[in-house]
1. Given the C-alpha atoms of the chain, compute the convex hull and give its volume per residue in Å³.
2. Relative to a virtual label point 7 Å from the Cα of residue 20 in the Cα→beta-carbon direction, which members of the range 338-365 show backbone nitrogen distances below 19 Å?
3. Pick from 348, 125, 250: which residue has the top mean-square fluctuation in a GNM of the chain where Cα pairs under 10 Å get a spring?
4. Just grab the label-to-label distance for residue 259 and residue 363, each label 7 Å out from Cα along the Cβ direction, in nm (one decimal).
5. Using R₀ = 41 Å, calculate the FRET efficiency as 1/(1 + (r/R₀)^6) where r is the Cβ-Cβ separation of residue 122 and residue 312; round to 0.05.
6. Between residue 274 and residue 182, what length comes free when the chain is fully extended (0.36 nm per residue of separation minus the Cα-Cα distance, one decimal in nm)?
7. Mind sorting 253, 219 by how few other Cβ atoms lie within 10 Å of their own Cβ, fewest first?
8. Provide the gained length on full extension for the span residue 161 to residue 292, in nm with one decimal, where the gain is 0.36 nm per separating residue minus the Cα-Cα distance.
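What follows is calculated from the coordinates using simple rules that are stated; it is not laboratory data. Everything quoted here is computed from the prediction, not taken from an experiment. Positions of Cβ are backbone-derived with ideal geometry, glycine not excepted, and every protein chain shown enters the neighbour counts.
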């Protein structure tokens with residue numbers, strides 16, 4: 001075993017790095033209030049906004065609030081609230097479809113997908129047209145983003161105690177809560193928008209249920225007068241996961257598939273079902289996650305992510321990923337870093353931290369992923385979609401969360417970063 005010294009940014013510099021990421025996010029917020037996926041105008045993602053991305057970007061700013069004051073605090077709260085208002089306006093626009101779905105019995109998966117909330121909107125707040133897409137098969141039905149929206153809004157209300165703001169949007173929150181509660185176990189795409197066994201016998205992903213659970217948990221904590229208690233729904237979701245997502249080895253899997261009877265689910269025999277970094281959402285980064293980081297199920301997931309997906313501190317999506325060659329993602333490195341800290345693994349977190357610092361460019365921009373340029377599929381993606389997005393603003397948001405938690409952990413445990421010895 002060789003001990004090799006490595007220089008890592010000192011503790012006092014972490015706050016400066018955080019400020020750079022905050023500045024990048026604020027610089028690219030759309031004038032109407034939403035946070036776009038990327039600040040790169042020429043990228044295919046540029047015309048669209050996702051509730052997942054926008055919300056996790058906002059959560060990064062929420063984490064910055066306790067150390068902000070005066071005008072800086074106002075700038076942050078204004079930016080966060082403009083984003084939420086934009087999204088609640090979209091929910092209001094969709095209320096006819098939502099009320100139909102919520103009130104109608106015996107909705108088929110196909111009918112649900114026709115009227116479901118879209119995974120993304122244009123920056124103008126409109127549903128996209130298929131003719132505008134680079135790929136007509138680009139999936140557009142996901143529930144995770146709307147669970148994330150409620151989870152982050154709840155954390156903002158908890159941080160600021162602005163219950164009047166929550167009251168202003170109680171109708172929209174109520175609609176979303178009823179929608180997610182009813183359709184949480186309906187097949188839909190995961191956060192990666194991958195196509196898999198679609199139709200009436202579609203799939204349901206652990207990461208999706210993780211976000212829905214966090215959203216309903218946040219609603220329950222807000223305790224709004226017109227919205228029923230969510231404890232029963234939360235308990236049912238967790239029981240559903242334990243009943244359906246755990247294989248014969250006692251491991252929680254990535255996804256399950258609906259059976260031909262249309263009533264039950266089964267675990268497909270798929271090597272890709274073993275591990276996915278998005279499964280870390282079951283315990284991070286929200287306050288109201290389904291599991292604690294020290295739960296045995298999460299310990300097992302954490303080990304699998306570390307063994308199969310971590311490459312020197314960078315983290316892949318899943319083993320067989322071919323998107324831009326299946327590279328490593330800064331946002332996933334930050335997510336794993338958060339989980340490492342919450343389970344007490346500071347050495348693992350510091351590896352994530354160092355890798356992220358080495359990955360950002362001279363302007364502190366974080367790319368979507370460090371692409372595997374030698375992979376045979378990489379050129380196909382680049383020719384169709386362009387280069388990987390940079391800056392990917394969701395990566396900046398999650399990195400802020402990670403750095404704020406790292407900063408707190410190091411101070412509380414009196415750990416000095418420079419010089420720091422790592423084991424190689």
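1. With only Cα atoms used, the chain gives 149 Å³ per residue.
2. Taking a point 7 Å out along Cα→Cβ of residue 20, the residues of the range 338-365 whose backbone N falls under 19 Å are 350-365.
3. Answer for the Gaussian network model of the chain: 250.
4. Label at residue 259, label at residue 363, 5.4 nm between them.
5. Working from the Cβ atoms, E equals 0.60.
6. 30.4 nm
7. 253, 219
8. 44.7 nm
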